[in-house]
Every structure is written in C-alpha cells, then in structure tokens.
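Below: the structure, in structure tokens.
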Amino acid sequence: MSREPQADSAAVRLAEADLHLAGQIATRLKRRYAWLGAEELKSYSLWGLTMAAVAYQPSHEIPFADYASSKGLFLAIDQMRRERVLVREDAGNTPRFVRLPGPDEAGERAGDIADARCDPPQRKAEIRDLLQCLMSRLAPRDRQILRMHYVQGRGFDQIGRLLGRPARSVETHCRRLITRLRDLAARLWD
C-alpha cells in the first residue's frame with residue numbers, strides 16, 4: 001500500500017500563495033466531468049494543488065503557477081480515479097492498443113480525449129492543457145527552441161545563429177523533440 005506524500009509547511013504556504021489556481025483547475029475539471037458537483041471538484045482541485053506544491057522543485061526553473069496548473073489537474077484526476085469517483089469503463093479488459101471510436105460511434109461520453117464535436121474553445125483548452133503537460137517534461141532549452149520555431153515563427157537558420165549552432169543541427173534537434181513529444185503523448189494514453 002502506497003502512502004500519500006505529506007504536505008510540509010513550505011508546500012502549504014506555496015499552495016496558499018497561488019490558491020486561485022485551484023479555482024482554475026476546478027473549472028477545467030468541470031468542463032471534462034460536468035456530472036460532478038462544483039464543491040467536489042473544488043475539493044479535488046485543492047488536493048491536486050497541494051500535492052503539486054509538495055512535488056514542486058524550484059531548481060527546474062519552471063514558475064510554480066505554470067507547473068501547478070497542469071500537475072495539479074492531473075493529480076486531481078488521478079485521485080478521483082483512485083477513489084473510484086472516475087472509473088474507466090472496462091479498464092481491466094482493455095487491450096494495450098485500441099481503435100478509438102469515430103464521431104458517430106463515440107456516444108455521449110468520449111472520456112479524456114479531446115472530442116472533435118465539442119465547442120472549439122473547450123477543444124483548444126484541452127489541447128493546450130495536454131501540450132503544457134508534455135512541454136513541462138522537456139528541458140528548458142528544448143522548450144525554448146520549440147517556442148522560437150513554432151510560436152515566434154523563427155526559421156532554423158535564425159535559431160541556429162542565436163544559439164551558435166548550425167541550422168541543420170537545430171532542424172534535426174527540433175524534429176527529434178517533436179518525436180519525443182509524440183512518444184510522451186502516446187505513453188499518457190497507455
């Protein structure tokens with residue numbers, strides 16, 4: 001039986017300083033799990049925020065608010081699953097690789113996967129949350145390279161000049177980072 005990590009006073013102070021994040025986490029949970037009550041979701045959000053504060057390591061140079069908004073969400077979902085508030089249908093009998101249902105087969109519940117039929121702002125929020133989670137697992141320098149290319153629209157030659165590396169090396173590195181993000185996403189769904 002695994003024990004839950006205990007929140008020390010420093011972690012509690014850190015969570016209290018950014019308590020507004022619990023409300024944001026609860027709002028995102030409400031979009032996904034509309035059948036659960038707001039107070040229940042707020043409770044799990046506070047728990048997720050506190051556990052994110054326990055796990056937070058300032059040496060990784062990620063601002064706590066950025067870290068806790070995604071980590072707290074996933075910790076809250078994990079806790080709801082542990083307490084059987086959320087139950088994956090036929091989780092024990094699910095093969096390792098499954099074909100996802102098409103839009104007409106999905107029925108009313110599509111689970112945690114972004115549903116193409118939902119309204120665009122919700123879909124964008126879910127994709128953004130997933131991308132933030134995946135990007136947080138990369139080194140700061142790797143995140144910077146991806147942001148310069150995909151967000152700022154800089155070319156590989158320009159990034160290479162800024163980093164003192166050949167453009168071809170930056171392009172190859174960027175391709176490898178995208179492959180790594182895809183692998184991380186695939187592991188999240190397994």
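The values are calculated or read from the model by the stated rules, or taken from the named source; none is laboratory data. What you are looking at is a predicted structure, and each value in this text was computed from that prediction instead of being measured. Don't worry about glycine lacking a Cβ; one is built from the backbone with ideal geometry, like all the others, and counts go over all protein chains shown.
Numbers at a glance
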| item | result |
| --- | --- |
| Test: residue in the stretch 165-176 that is within 25 Å of ILE77 (Cα to Cα) and surrounded by fewer than 14 Cβ atoms within 10 Å (Cβ to Cβ) | no |
| Candidate set: the stretch 28-80, residues that are of a type in the set (S, T, N, Q), over 30 Å from ARG141 (Cβ atoms) and surrounded by fewer than 20 Cβ atoms within 10 Å (Cβ to Cβ); chosen: the one modelled with the highest pLDDT | SER43 |
| Residue satisfying all of: in the stretch 14-69; in contact (Cβ under 8 Å) with a residue 24 or more places away in the chain and in a loop (DSSP other than H, G, I, E, B); farthest from the chain's Cα centre (by Cα) among these | LEU36 |
